[in-house]
Amino acid sequence: MNFILLIDYAGTFAFAISGIRLASAKQFDLFGAYVVGLVTAIGGGTIRDLLLGVTPFWMLQPSYLVVTALALIFVFLLGKKLILLNNTFFIFDAIGLGLFVVVGIEKSLAAHFPFWVAITMGMITGSAGGILRDILINEIPLIFRKDIYALACLFGGLVFFTCFQLGVSALITQIVSAFSVILIRVLAVKYHISLPVLRGHDNETPSKIL
């Protein structure tokens, strides 16, 4: 088992936990929580593979479904101890984000796409699953709020590109790139760094705007 596959499984597990944890907080049943966790874990990669013109990865081997099931068991066994931890969702989401950005870039480069496409696919792999997760649990997608999320993916992609151009080994490049995404997310939340919010006038209605 190569390293990129290991981080793919680790990212799947982390993202599945983040989705299952939120579904549990919304009092979904076990099946509903599994579906939310699975969509969170494979959503971004599925969109990436469709855009790259290849068969979605989870359709080639059932291991990703099993990893999501293990994540469900993990959350179920820990129960309220995991659900009540305020930072649990953020931690697993940040880890999954960093790992999936690397996976998306690597798979795009392996398919012989240029680096700008690879960085874009890294962003999609990292963030699209979270968008689908938030839609399923009836929340405004995190990526569309003022949090630094997609930009963290972009930063990780640029770090990957820089390491690649400098001839850094593949393993170090993957580790540094994933860590950079996680670090940006943590720093942005810790120090309340965010993008400006686009605000309309309170008295404007859709008809007036149009």
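Computed from the coordinates by the stated procedures, all read-outs in this text should not be read as laboratory data. As the structure is a computational prediction, the values presented were derived from the model and not from experiment. Every residue, glycine among them, receives a Cβ derived from its backbone with ideal geometry; neighbour counts consider all protein chains shown.
A compact table of results
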read-out	value
Count of residues meeting criterion [under 16 Å from the mean Cα position of the chain (by Cα), in a helix (DSSP H, G or I) and surrounded by fewer than 17 Cβ atoms within 10 Å (Cβ to Cβ)] in the range 113-140	1
Those residues of the range 54-71 which are part of a loop (DSSP other than H, G, I, E, B) and free of Cβ contacts under 8 Å to residues at least 12 places away in the same chain, in sequence order	T55, L60, Q61, P62
Sole exception among (1) touching an Asp or Glu at 6+ places or on another chain (Cβ under 9 Å); (2) surrounded by 16 or more Cβ atoms within 10 Å (Cβ to Cβ); (3) not acidic (D, E) for P56, by number	(2)
